[in-house]
Amino acid sequence: SDLIAVSTVVAVLVGSGIFLLMLSRLIFRRLGPIIKEATWVAAGDYGTEIKVSSEGEVGQLEQLFEQFRQIFMDVLSHIPDMQQK
């Protein structure tokens, strides 16, 4: 019975480790470049294009950030026109 309990705990720990490793590779590692590029844009580097790397959810997030950057650049380009009126 102690052997079964220890085996169960070890199996759960190994399974959790594998799950976290897969989660890291599939999601967190791919979010790193998005966060870096979005940080550059937030710091004022509006020329930094955010590249879409996939068609999945992460790619959709990248596409949304890029659309936001383009809209923001468009708004900034119209500020001088608005000041002249």
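The values are calculated or read from the model by the stated rules, or taken from the named source; none is laboratory data. Here the structure is a predicted model, which means the values were calculated and not measured. A quick note on method: Cβ atoms are made from the backbone with ideal geometry, for glycine too, and the neighbour counts reach across all protein chains shown. Calculation scope for accessible area: heavy atoms of the full protein, side chains included, ligands and nucleic acids excluded. Shrake-Rupley method; radii C 1.70, N 1.55, O 1.52, S 1.80 Å.
If one takes the longest principal axis of the Cα atoms in the chain, at what angle in degrees, from 0 to 90 and to the nearest 10, does the Cα axis of helix 29-42 lie? Taking the Cα atoms of the chain, the angle to 29-42 is about 30 degrees. For the chain, the longest principal axis of the Cα atoms and the long axis of helix 57-84 meet at an angle of about 20 degrees. Note that the chain presents 81 Å² accessible area per residue, ligands and nucleic acids not counted, probe 1.4 Å.
Average projection, convex hull of the Cα set of the chain: 7.9 square nanometres.
Can you give the helix-only mean residue ellipticity at 222 nm for the chain, where every DSSP H stretch with n ≥ 4 adds -39500 (n - 2.57) and the sum goes over all residues, rounded to the nearest 500 deg cm²/dmol? Don't jump to the answer; show the numbers that get you there.
Numbers: 3 runs with 64 residues, N = 85.
Result for the chain, helices only: -26000 deg cm²/dmol.
So what is the relative contact order of the chain, in percent, for Cα pairs below 8 Å that sit 6 or more residues apart? Reported as a whole number, the value is 18 percent.
May I ask you to list the chymotrypsin sites (Phe, Trp or Tyr not before Pro) in segment 3-85 that are in a DSSP loop and have at most 15 other Cβ atoms within 10 Å of their Cβ?
Numbers: sites: 19, 28, 40, 46, 65, 68, 72; in loops: 46.
Passing both the DSSP loop test and the Cβ count: 46.
The angle separating the long axis of helix 2-23 from the principal Cα axis of greatest extent in the chain is about 20 degrees. As a fraction of the 1.4 Å probe accessible area of segment 1-43, surface on carbon and sulfur atoms comes out at 77 percent.
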